[in-house]
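Below is one structure, written out as structure tokens; the observations come after it.
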Amino acid sequence: FKQKPVICTKFVFSGIVDAVSNCIEFNKNLRILNLEGLPLNDKYVESIAKVCDLHKVIRSVCFAF
């Protein structure tokens, strides 16, 4: 069993950012957000950070790559 490579495209990452933003916005129980290992550029990180700041439910965020 060999693992297939993941194709990192703008379409894939914009979908990830949209999904994470929706989770933050509509899930009031979410406290820890770990996106470690995703090669998100500054634009995507900023977008997620803005949603975190607006909803103030997240206590810990990790964007480490």
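The values are calculated or read from the model by the stated rules, or taken from the named source; none is laboratory data. All of these numbers come straight from a predicted model, not from anything done at the bench. Note: ideal-geometry Cβ built from the backbone for every residue, glycine included; neighbour counts use all protein chains shown. Remember, those area values only see protein heavy atoms, side chains included, never the ligands or the DNA or RNA. Shrake-Rupley method; radii C 1.70, N 1.55, O 1.52, S 1.80 Å.
Data table
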| item | result |
| --- | --- |
| Residues of the stretch 37-53 satisfying the condition of being more than 20 Å from residue 8 (Cβ to Cβ) and in contact (Cβ under 8 Å) with a residue 12 or more places away in the chain | 49, 51, 52 |
| Within the stretch 25-36, considering residues that are in contact with a strand residue (DSSP E or B) (Cβ under 7 Å, 6 or more places away or on another chain) and open to solvent by less than 60 Å² (accessible area, probe 1.4 Å), the one nearest to residue 12 (Cα to Cα) | 35 |
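Table: residues versus (1) in a loop (DSSP other than H, G, I, E, B); (2) loosely packed, with under 10 Cβ neighbours inside 10 Å; (3) modelled with pLDDT of 90 or more; (4) in contact with a strand residue (DSSP E or B) (Cβ under 8 Å, 6 or more places away or on another chain).
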| site | (1), (2), (3), (4) |
| --- | --- |
| 1 | yes, yes, no, no |
| 4 | yes, yes, no, no |
| 15 | no, no, yes, no |
| 20 | no, no, yes, yes |
| 23 | no, no, yes, no |
| 38 | yes, no, no, no |
| 43 | no, no, yes, no |
| 48 | no, no, yes, yes |
| 58 | yes, no, no, yes |
